[in-house]
1. Which one of these is more than 19 Å from LEU117 (Cβ to Cβ), under 11 Å from the mean Cα position of the chain (by Cα) and without any contact (Cβ under 8 Å) to a residue 24 or more places away in the chain: LYS79, LYS50, LYS19?
2. Within the stretch 98-124, can you find the residues that are touching a Pro at 6+ places or on another chain (Cβ under 9 Å) and open to solvent by 40 Å² or more (accessible area, probe 1.4 Å)?
3. Identify, please: which residue in the stretch 152-162 is out of contact with any helix residue (DSSP H, G or I) (no Cβ under 7 Å at 6 or more places or on another chain) and in contact (Cβ under 8 Å) with a residue 12 or more places away in the chain and is, among those, surrounded by the most Cβ atoms within 10 Å (Cβ to Cβ)?
4. Residues in the stretch 13-43 that are under 16 Å from LYS122 (Cα atoms) and not in a helix (DSSP H, G or I): how many?
5. Are any residues in the stretch 69-80 buried (at least 19 other Cβ atoms within 10 Å of the Cβ) and β-branched (Val, Ile, Thr), and if so, which ones?
6. For the stretch 54-97, give me the residue count where each residue is at positive phi and of a type in the set (Lys, Arg).
7. Please work out which one of (1) closer than 26 Å to TYR143 by Cβ; (2) touching a strand residue (DSSP E or B) at 6+ places or on another chain (Cβ under 6 Å) is the condition VAL32 fails and give its number.
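The values are calculated or read from the model by the stated rules, or taken from the named source; none is laboratory data. Predicted model only: the values in this text are computed from it and were never measured. As a convention, Cβ positions derive from the backbone with ideal geometry for all residues, glycine included, and neighbour counts pool all protein chains shown. Only protein heavy atoms, including side chains, enter the accessible area calculation; ligands, DNA and RNA are left aside. Shrake-Rupley method; radii C 1.70, N 1.55, O 1.52, S 1.80 Å.
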Amino acid sequence: MPNSQLKNCKILFVEDEAKIREHIVKTLKYLVEDVEEASNGKEALEKMQKFSPNIIITDLEMPLMGGIEFVTEVRKTNKTIPIVVLTAHTNSEYLLKLIDMHIEHFIVKPMNFEKLLDALQKCEKAIQKSSTIQQTLPLKYSYDWEKKILSYEEQEIRLTKKQIAFLELL
């Protein structure tokens with residue numbers, strides 16, 4: 001992948017099966033800057049208090065908090081982070097829920113390197129697209145040029161037309 005931005009990415013990998021998790025984390029560490037791992041959605045949410053991933057890869061079926069509940073929680077505060085879902089299920093109930101949650105990609109298990117790389121490349125494109133629309137500002141602020149919304153720590157701040165014009169002049 002020439003000129004890939006993946007090497008600068010941080011990934012949170014969530015999988016309850018330890019052997020699969022260890023194997024995939026080792027592979028991801030060759031491709032990206034940093035990888036954090038969690039064994040369920042609850043643990044992943046705790047990790048996200050201190051770790052800000054660019055991409056999340058999560059299993060669906062896990063103890064304590066499954067993938068769908070985890071993604072639902074993530075989407076409450078972050079609508080744009082690319083999320084890849086790993087699943088052994090291909091039934092329409094799961095897939096429809098995933099579509100509604102704006103999942104970047106899903107991989108049906110068993111996963112191989114080509115499937116993983118394909119999913120990461122799709123995430124990379126999504127990150128590049130969103131970074132041109134949303135600009136990170138100092139002090140945990142960001143501005144969405146398309147929606148004209150200022151955010152502070154993922155909380156939206158509505159602006160008046162004059163405030164928008166002033167901000168865009170800066």
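1. Working: LYS50 fails: under 11 Å from the mean Cα position of the chain (by Cα); LYS19 fails: under 11 Å from the mean Cα position of the chain (by Cα).
Being more than 19 Å from LEU117 (Cβ to Cβ), under 11 Å from the mean Cα position of the chain (by Cα) and without any contact (Cβ under 8 Å) to a residue 24 or more places away in the chain holds for just one of LYS79, LYS50, LYS19, which is LYS79.
2. Scanning the stretch 98-124 gives GLU104, LYS122.
3. Out of the qualifying residues, it is TYR152.
4. Pass one, the stretch 13-43, residues under 16 Å from LYS122 (Cα atoms): 28, 31-32.
Within this subset, residues satisfying the condition of being not in a helix (DSSP H, G or I) are 32.
Result for the stretch 13-43: 1.
5. Step one: list which residues in the stretch 69-80 are buried (at least 19 other Cβ atoms within 10 Å of the Cβ), which gives 70-71, 74.
If the condition is that a residue be buried (at least 19 other Cβ atoms within 10 Å of the Cβ) and β-branched (Val, Ile, Thr), then VAL71, VAL74 are the ones that fit.
6. Looking only at the stretch 54-97, we keep the residues that are at positive phi, and these are 64.
This time we only want the ones that are of a type in the set (Lys, Arg), so: none.
Matching residues across the stretch 54-97 total 0.
7. Here VAL32 meets the rest and fails (1).
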